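First the structure, in the form of structure tokens, and then the observations on it.
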Amino acid sequence: MARIVWSGKFPYTRPGILPLVCLLVGAAALASAGEPQLHVEQTEIDLGSKPFNTAVWHTFSIENNGSAPLFILDVHKSCGCTYSLLQRDSIAPGESTSLRVGYVPKEGQRKVGQQTFSVTLKTNDPHNPSTSFTVHADLIAPVTSVPNRIDFGTVTREDKPERQIKITFTDKAHTTSDITAKPLSNALKVQRLSDSKSEPAYKVTLLANRLTGNLDASVIFNLGLPDFPALEIPVSADLKLPYMAQPAQAVLGVVNKGGDRSLHVVLRPTEHNAPRLKKAQCTNSEVRAQVQEAGDNGAWNCDITIHAADKQEKIKTVVTVYDDHDKLAAAIPVLAYVR
């Protein structure tokens, strides 16, 4: 044992002896304290199909296989509709606790389809400080459609493609014949084909000559049900026009209040024997455009000018270009900020 000599201020030992003793004592204390060890048999489960308007829960078991208490330091949820119920946040060696992970639907925010909910625990296990528990479920809505979206693909301005939609009430208690369809684009037309109460059918027609660019819209079926008021069907289409703009979008950047800014756009034909162009116009009175033949492989020039008003605003509009027969030949999105 080291001999300690009192000097009046602090104990003194031979160099290196006391640090070694402290190290051995600390190691012995650590060994006697041990470490917690989190152990779980399962961290993920798929509960299959569940009604969309009911709570979904699963209970996971958490064990401490170590020789020191296991502490749950933090609980993190994947979203606001995910809930967790932890039996206790301190687990003695050899004991266990339970963690319930669930989804509770909120009014107006109910989810449908394949969903994933997870909870992550932070613990004092030095070898496993973070563990996630995940629940999968297919939340079945009382109303479904086939198909659940419509993509008309590439269309020309003369096309009028059609698609059919069949709505099915998976829960017969929700069946209703009081359905109204509202297309969110004037290029879409919806017609009911059958009066079936459980599986009504509809025809959706795209009037491509009304498009001023690619279509990204929806058809809303108002169902009149208290817990599932509407069903939304996304609808898309790519419009092929005789001319393609370069650049594809006229971005004029920042324009001073009351000032002007112009951009030159080249319109190149996308088909043989493309029609001659007649005019360019815009529904926004601050945007002017005119076309003239470029004489380069059938290309045309389109000059777009913004005459900004004396107010701060964002200008987001479309310049449409028409041929000699007043048919849409090109569409140029315009974007500018007036400061």
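Only the coordinates and a few stated rules stand behind these numbers; no lab work does. The structure presented is a predicted model; accordingly, all values stated were derived computationally and were not measured. Virtual Cβ from ideal backbone geometry, glycine too; neighbours counted across all protein chains shown.
Quick notes on this structure:
- Virtual spin-label span in nm between residue 168 and residue 42, 7 Å along Cα→Cβ: 2.9 nm
- Remark on residue 68: its backbone amide H falls under 5 Å from those of 35, 37, a criterion applied only to residues 5 or more positions apart or on other chains, H modelled at 1.01 Å from N.
- Label-zone membership for the range 183-217, site residue 151, 7 angstrom Cα→C-beta point, backbone N under 18 Å: 206, 214-217
- Ordering 191, 40, 294 by Cα displacement along the dipole of the chain toward the positive end leaves 294 in first place; charges were set at the Cβ atoms of Lys, Arg (+1) and Asp, Glu (-1).
- Flagged links, alpha-carbon separation over 23 Å, of 111/166; 106/166; 166/189: 106/166
- Spatially proximal aspartates and glutamates relative to residue 279 (Cα-Cα < 13 Å; intrachain offsets below 8 disregarded): 293, 303, 323, 324, 326
- Shown in residue order for the range 270-284 are the 3J(HN,Hα) couplings computed by the Karplus curve 6.51 cos²θ - 1.76 cosθ + 1.60 at θ = phi - 60°: 9, 8, 6, 6, 4, x, 6, 8, 10, 7, 10, 8, 8, 6, 7 Hz (x for Gly and Pro).
- Check: the chain dipole with +1 on Lys, Arg Cβ and -1 on Asp, Glu Cβ, in debye: 700 debye
- For the range 224-230, 3J(HN,Hα) per residue [Karplus equation, 6.51 cos²θ - 1.76 cosθ + 1.60, θ = phi - 60°, Hz, x = Gly/Pro]: x, 9, x, 9, 8, x, 8
- Highest-fluctuation residue, 64, 273, 186 considered, GNM on the chain with Cα pairs under 10 Å: 273
- Bridges between two residues of the chain, per DSSP, are antiparallel at a rate of about 85%.
- Relative to the longest principal axis of the Cα atoms of the chain, the long axis of helix 17-33 makes an angle of roughly 70 degrees.
- Whole-Å semi-axes of the chain's equivalent ellipsoid (Cα gyration tensor): 65, 36, 16
- Cα centroid separation, the range 31-79 to the range 214-234 (Å): 38 Å
- Theoretical gain in end-to-end length, residue 78 to residue 144 [0.36 nm per residue, Cα-Cα removed]: 21.1 nm
- Where only DSSP H runs of four or more residues are counted, the chain gives -1500 deg cm²/dmol as its mean residue ellipticity at 222 nm, each run worth -39500 (n - 2.57).
- Residues with amide H under 5 Å from that of residue 309, placed H, sequence gap 5 or more: 258
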